[in-house]
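Heads up: the structure comes next, in structure tokens.
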Amino acid sequence: MFRLSNNLIGILNIFSFLLSVPVLGAGIWLANRADTDCEKFLEKPLIALGVFLMVVSIAGLVGACCRVSWLLWFYLLVMFLLILLLFAFTVFAFVVTNKGAGEVVSGRGYKEYKLGDYSDWLQKRVNSTKNWNKIKSCLIDSKVCEAYAKKYANDTVVTQFYNEQLSALQSGCCKPPDSCGFTYVSPIVWNASSTSNYTDSDCSVWSSDSSVLCYNCQSCKGGLLDNLKRDWKKVAIINIIILVILIIVYSVGCCAFRNNRDDNAFWKGRGYP
């Protein structure tokens, strides 16, 4: 005898199973076709997520529709752990992104970014040479500064450039910090001053070479963290919505599990195995 909760769990898991197929397919495609470190970075998480969704969906579908209580119990256990992990990540995301913001510079349309303004945990992640080399490779592959150079190529005088609304990555990675006092030639070409006694270490790291620019600067890491901060806050808000949905699904699943147990007891009472 099927109940409404069993049917709902079955329908929801059909949808999640169908979702797992393109996710798994995308992971396998990247494993065979990925050329850059950025693409390869997504390969394993996508495959893992696809397999996870597929296994959990099958467990929930079979457990709810075929009255297999142990599978439904496994499904509920995974859902419970997922709710805990998602809740922990949401709280963590709000905590680590609570600190740091771009600094307003007088007479500029953009802000400047300093790594030290952000949380210690985030700083440690980007200060790792291994991590930063991968991130830098992604920034170069995404052509952030190439697009920036084309967009502002018509700014022939520095006063025009100073009024531009640059993104955090453009400000931090594609130009030297204003404190260096370099002479503007173009958005990615700045002539160093005669003095080498810079107060900002980024001034010594900057190069007008399009493959170098300020990718190794602390300001670039700060700009990246500012982007990450905004993105993580958006993700955290979405996670709250997902958490509410998961709790509802978990509650329905608990009803389906109770129905399975009651139905099994009913049929055993009538002499059926």
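Before moving on, here are some points about what is shown:
- Whole-Hz couplings from phi, Karplus 6.51/-1.76/1.60, listed for segment 147-161; x for Gly and Pro: 5, 4, 5, 5, 5, 10, 4, 7, 7, 7, 10, 5, 5, 5, 5
- Once all protein chains are placed together, residue 84 keeps about 90 Å² accessible to a 1.4 angstrom probe.
- Within the same chain, lysines fewer than 8 places from residue 134 are excluded, and of the rest, those with a Cα less than 17 Å from its Cα are 40, 44, 124, 143, 221.
- Since only 121, 154, 45 are under comparison, the one whose Cα sits farthest along the positive direction of the charge dipole of the chain, derived from C-beta charges on Lys, Arg, Asp and Glu, is 45.
- Using only Cα coordinates, the Kirkwood hydrodynamic radius of the chain works out to 22.4 Å.
- For the chain, the relative contact order is 23 percent, taking Cα pairs closer than 8 Å that sit 6 or more residues apart in sequence and dividing their mean separation by the residue count.
- Here segment 129-180 yields Rg over Rh of 1.03, to two decimals, using C-alpha coordinates and the Kirkwood radius.
- Normalising the average separation of contacting C-alpha pairs (under 8 angstrom, six or more residues apart) by the number of residues puts the relative contact order of segment 1-144 at 21 percent.
- Here the Karplus relation 6.51 cos²θ - 1.76 cosθ + 1.60, evaluated at θ = phi - 60°, turns the backbone of segment 200-206 into coupling constants of 10, 4, 5, 5, 7, 7, 4 Hz, with x for every Gly and Pro.
- Assuming charge only on the beta carbon of Lys and Arg (+1) and of Asp and Glu (-1), the dipole of the chain about its Cα centre is about 1120 debye to the nearest 20.
- Segment 116-273, dipole about Cα centre (Lys/Arg Cβ +1, Asp/Glu Cβ -1), debye to the nearest 20: 960
- The ratio of the alpha-carbon radius of gyration of segment 132-223 to the globular-protein estimate 2.2 N^0.38 Å is 1.01.
- Selection from 199, 232, 168, by position along the positive dipole direction of segment 161-244 (Cβ): 232
- Segment 41-200 - charge dipole about Cα centre, Lys and Arg +1 at Cβ, Asp and Glu -1, debye rounded to 20: 440
- Calculated FRET efficiency for the pair residue 44/residue 73, C-beta based, R₀ 22 Å, to 0.05: 0.15
- Virtual spin-label span in nm between residue 186 and residue 127, 7 Å along Cα→Cβ: 3.6
- Taken one residue at a time, the phi angles of segment 87-92 give Karplus couplings (6.51, -1.76, 1.60, θ = phi - 60°) of 5, 5, 5, 5, 4, 4 Hz. Gly and Pro are set to x.
- Whole-Å semi-axes of the ellipsoid equivalent to segment 54-152 (Cα gyration tensor, √5λ, descending): 45, 19, 14
The values are calculated or read from the model by the stated rules, or taken from the named source; none is laboratory data. In this text, all values refer to a predicted model and were calculated from it rather than measured experimentally. Don't worry about glycine lacking a Cβ; one is built from the backbone with ideal geometry, like all the others, and counts go over all protein chains shown. The accessibility values were calculated without ligands, DNA or RNA, using every heavy atom of the protein model including side chains. Shrake-Rupley method; radii C 1.70, N 1.55, O 1.52, S 1.80 Å.
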